[in-house]
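The next block holds one structure in the form of structure tokens; read it before the comments.
The values are calculated or read from the model by the stated rules, or taken from the named source; none is laboratory data. Because the structure is predicted, anything quoted here is derived from the model rather than measured. Quick reminder, even Gly has a Cβ in these numbers, built from the backbone with ideal geometry, and neighbours come from all protein chains shown.
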Amino acid sequence: MTRIKICGITNKADAIAASDLGADMLGFIFYDKSKRYVEPKTARDIINEIPQSVQKVGVFVNAPYAEMVKIAEDAPLDIIQLHGDETPDTIAALRREGYKVIKAFRIKDRTDLKKVNDYDADYYLFDTYKGEAAGGTGEVFDWKILKDFETLKPVILSGGLNPANIVNAIKEVAPFAVDVSSGVERSIGKKDIGLMTRFIENVRRAQ
């Protein structure tokens with residue numbers, strides 16, 4: 001079963017709705033330049049309302065190590081997603097702390113895959129490259145880039161996914177999980193229950 005991550009959660013209602021609909025992971029963005037940034041205290045209040053069976057993911061971009069660990073402890077988080085220029089040493093340290101780690105890579109062409117397997121994370125997330133944007137572009141990259149690429153860890157597919165294209169994405173890439181944010185929103189940071197329902201139904205249909 002392809003796992004489903006709903007990212008960019010900013011409020012309790014969306015978190016509860018996504019959990020009730022069957023999301024496996026919810027993502028909280030702790031990068032203050034993101035339009036979907038959430039204060040750590042707000043994230044903690046939301047997480048307290050989410051079933052333990054749903055994994056909580058904190059998204060960071062070049063954040064200080066101590067800051068990531070503190071937020072992860074306070075929230076609490078199950079998984080830390082690194083969306084910047086973090087090193088393999090940072091990943092190793094976080095895993096020693098007991099956290100699972102997602103290392104994100106912005107994909108423009110095949111050359112962006114060269115160093116992926118140098119990172120001993122738990123999962124690799126592939127997102128769309130677009131200038132200086134750390135992620136959340138709402139745009140799809142060419143999935144054919146991933147054809148025949150062998151990763152050491154499970155792949156999470158991201159970048160411009162929505163209810164209309166998710167079936168083709170799963171058929172073409174066969175990822176471990178899919179990650180959606182803007183594709184299920186009615187406005188920035190506000191999820192749409194109808195779009196989330198269709199997205200999750202289509203993921204299940206594509207199995």
> Which residue pairs have Cβ atoms closer than 9 Å, lie 6 or more positions apart in sequence or on different chains, and pair a first residue in segment 187-207 that is modelled with pLDDT of 95 or more and among the acidic types (Asp, Glu) with a second residue that is assigned to a loop (DSSP other than H, G, I, E, B) and surrounded by 13 or more Cβ atoms within 10 Å (Cβ to Cβ)?
Replying inline: Glu201/Pro163
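Rundown of residues vs (1) more than 15 Å from the chain's Cα centre (by Cα); (2) on the phi > 0 side of the Ramachandran plot, yes/no style:
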{"position": "Pro154", "(1), (2)": "no, no"}
{"position": "Gly159", "(1), (2)": "no, yes"}
{"position": "Ala169", "(1), (2)": "yes, no"}
{"position": "Val173", "(1), (2)": "yes, no"}
{"position": "Ala177", "(1), (2)": "no, no"}
{"position": "Ser181", "(1), (2)": "no, no"}
{"position": "Arg186", "(1), (2)": "yes, no"}
{"position": "Lys190", "(1), (2)": "yes, no"}
{"position": "Glu201", "(1), (2)": "yes, no"}
>> Among the residues of segment 133-147, are any of a type in the set (D, E, K, R), more than 23 Å from Ile80 (Cα to Cα), over 18 Å from the mean Cα position of the chain (by Cα) and part of a loop (DSSP other than H, G, I, E, B)?
In response: yes
>> With the structure loaded, tell me whether Tyr124 is closer than 26 Å to Tyr37 by Cα and crowded, with 18+ Cβ neighbours inside 10 Å or whether it fails that test.
In response: yes
> Going by the structure shown, is Arg3 modelled with pLDDT of 95 or more and basic (Lys, Arg)?
Replying inline: yes
>> Just to check your reading of the model, which residue among Ala104, Ala66, Ala133 is at pLDDT below 95 and of a type outside the set (Phe, Trp, Tyr)?
In response: Ala133
> Under the condition of being surrounded by fewer than 13 Cβ atoms within 10 Å (Cβ to Cβ) and not acidic (Asp, Glu), which residue from segment 89-99 is farthest from the chain's Cα centre (by Cα)?
Replying inline: Arg96
> Across segment 163-188, what is the number of residues that are of a type outside the set (S, T, N, Q), buried (at least 19 other Cβ atoms within 10 Å of the Cβ) and not in a helix (DSSP H, G or I)?
Replying inline: 7
>> Considering only residues that are at pLDDT 95 or above, part of a loop (DSSP other than H, G, I, E, B) and in contact with an Asp or Glu (Cβ under 9 Å, 6 or more places away or on another chain), which ones fall in segment 109-130?
In response: Tyr119
